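**Q** Following this message is one structure expressed as structure tokens.
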Amino acid sequence: MNTQELINTTKILVAGSKGILAMDESNPTCNKRFAIVGIPQNEETRRAYREMIVTTPGLNEAISGAILYDETIHQQKKDGTPFVKALIDAGIIPGIKVDMGAKDMAGHPGEKITEGLDGLRDRLKEYYKMSIRFAKWRAVITIGNGIPSQACIEANAHALARYASLCQEAGLVPIIEPEVLMDGDHTLQRCFEITEKVLRSVFNQLYTQGVILEGMILKPNMVLPGLGCPKQESSDKVADATVNCLLQAVPAAVPGIAFLSGGQSGELASARLNAMNVRFKSRLPWALAFSFARAIQQPALEIWQGKETNVPKAQQALYHRAKCNQAARLGEYNASIETT
Ligand code: 13P
């Protein structure tokens, strides 16, 4: 294992004011998002969509790394340039989603366990040869009546740690994503408690498996009330809850925390990340960055509509959201940026 290479890659991914673009929707998820806006769902539309994203002018000003899906890393731009090469040429590190999805957990109705460890060592070797330098694995935790169970939390934490260890062995930085979902009517406080419990379990398992904390990135949810909770909270309240929760559970040796957006609007995700950096940045051991999918892509997807003529406008929208999140990392985001 080349520890120094892992540490260097991690540093580049969360350095300065940049963040990660998650463009790793599986085919079913990508198709679902296309269907909602009326875009045909096939390999060529998915390829064209990813070409629109990867060729966005100036994307590397705010984006350090892009997480791809396996189909995408085998695809090319229309001119024949592989997407992986296009990203590297643009100064963006290519990454890969390696989990095989969250499946129903046996004996635990309403809960999920992420699969994908079988054969992972060989897949990671191949990805490294293809110049991929980091990976992502997402675990899903649902808050509900009597859930999450300890069994679900522990099984997912264990899988995350085994995945992370395999990644580091292969020279890829693991992005460790335990997502506590926003679905439900739970309060901010309950999300705090569950997120803290999940993170403690994850770091216990990472310690047990010997994962190098300096060579990983944590990708957590923000601490939020459930979507159905009547009491929604201000950005400052969300920022305080999220950072205080992370301070309880995330070791200082972790270089960076890159949030998922989880279905928040682009504006809210930026405002909340900004509030965290305004209120805490100078006092934190880790960088607070972003690894958003929907909160960067959604407006661009709606503008693109699968049409070549809409590409420049869609790219402007993508660039705009990336820059908004860069501003949020610096604590310089405000509503007026949205209209400029
Ligand atoms: P969202 O930002 O849309 O939650 O996606 C992040 C991600 O990578 C999910 O695994």
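The values are calculated or read from the model by the stated rules, or taken from the named source; none is laboratory data. Not measured: the values here are computed from a predicted model. No Cβ is skipped: glycine too gets one built from the backbone with ideal geometry, and neighbour counts run over all protein chains shown.
**Q** Name every residue in region 1-32 that is surrounded by fewer than 19 Cβ atoms within 10 Å (Cβ to Cβ), within 16 Å of the ligand (Cβ to nearest atom) and not in a loop (DSSP other than H, G, I, E, B), in order of residue number.
**A** The answer is ASN27, PRO28, THR29, ASN31, LYS32.
**Q** Given (1) within 13 Å of the ligand (Cβ to nearest atom); (2) in a loop (DSSP other than H, G, I, E, B), where does ALA289 come up short, assuming only one miss?
**A** Status for ALA289: all satisfied but (2).
**Q** Another question, then. Against the definition (of a type in the set (D, E, K, R) and without any contact (Cβ under 8 Å) to a residue 12 or more places away in the chain), how does ASP99 come out, yes or no?
**A** So ASP99 fails the test.
**Q** Show me the strands (runs of 3 or more DSSP E) entirely contained within region 47-106 in which 2 or more residues are surrounded by 18 or more Cβ atoms within 10 Å (Cβ to Cβ).
**A** Those strands (runs of 3 or more DSSP E) span 63-68, 93-97.
**Q** A follow-up question, please. Give just the number: which of (1) within 16 Å of the ligand (Cβ to nearest atom); (2) surrounded by fewer than 23 Cβ atoms within 10 Å (Cβ to Cβ); (3) over 21 Å from TRP137 (Cβ atoms) does LEU181 not satisfy?
**A** Tallying (1) within 16 Å of the ligand (Cβ to nearest atom); (2) surrounded by fewer than 23 Cβ atoms within 10 Å (Cβ to Cβ); (3) over 21 Å from TRP137 (Cβ atoms), LEU181 fails exactly one: (3).
**Q** Follow-up question, since we're still on this one. Would you be able to say whether some residue in region 216-232 is without any contact (Cβ under 8 Å) to a residue 40 or more places away in the chain and touching a Phe, Trp or Tyr at 6+ places or on another chain (Cβ under 7 Å)?
**A** Yes, because at least one residue in region 216-232 is without any contact (Cβ under 8 Å) to a residue 40 or more places away in the chain and touching a Phe, Trp or Tyr at 6+ places or on another chain (Cβ under 7 Å).
**Q** While we're on this one: Tell me which residues, restricted to region 246-275, are touching a strand residue (DSSP E or B) at 6+ places or on another chain (Cβ under 9 Å), of a type outside the set (Phe, Trp, Tyr) and farther than 19 Å from GLU338 by Cα.
**A** Once the filter is applied, which keeps residues that are touching a strand residue (DSSP E or B) at 6+ places or on another chain (Cβ under 9 Å), of a type outside the set (Phe, Trp, Tyr) and farther than 19 Å from GLU338 by Cα, region 246-275 yields LEU246, VAL250, VAL254, PRO255, GLY256, ILE257, ALA258, LEU260, GLY262.
**Q** Taking interchain pairs and intrachain pairs at least six residues apart, which have beta carbon atoms under 7 angstrom, with the first residue in region 182-193 and over 19 Å from ALA269 (Cα atoms) and the second at pLDDT 95 or above and surrounded by fewer than 17 Cβ atoms within 10 Å (Cβ to Cβ)?
**A** ASP185/GLY228
**Q** Right, something else. Would you say THR45 is of a type outside the set (A, V, I, L, M, F, W, C), closer than 25 Å to PHE290 by Cβ and modelled with pLDDT of 95 or more?
**A** No.
Every residue, every condition in (1) in contact (Cβ under 8 Å) with a residue 12 or more places away in the chain; (2) of a type in the set (Phe, Trp, Tyr), yes or no:
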| position | (1), (2) |
| --- | --- |
| PHE280 | yes, yes |
| PRO285 | yes, no |
| SER291 | yes, no |
| ARG294 | yes, no |
| GLU302 | yes, no |
| LYS307 | no, no |
| ASN310 | no, no |
| GLN316 | no, no |
| ALA322 | yes, no |
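**Q** I've got another one for you. Are there any pairs with C-beta distances below 8 angstrom linking a residue in region 46-73 that is over 15 Å from ILE96 (Cβ atoms) and in contact (Cβ under 8 Å) with a residue 12 or more places away in the chain to a residue that is away from the ligand (no atom under 16 Å from the Cβ) and acidic (Asp, Glu), with the two at least 6 apart or on different chains, and if so which?
**A** These pairs meet every condition: ALA48/GLU308.
**Q** Let me ask something else. Can you work out which of the residues in region 244-273 that are within 16 Å of the ligand (Cβ to nearest atom) and of a type in the set (S, T, N, Q) is surrounded by the fewest Cβ atoms within 10 Å (Cβ to Cβ)?
**A** The residue in question is SER265.
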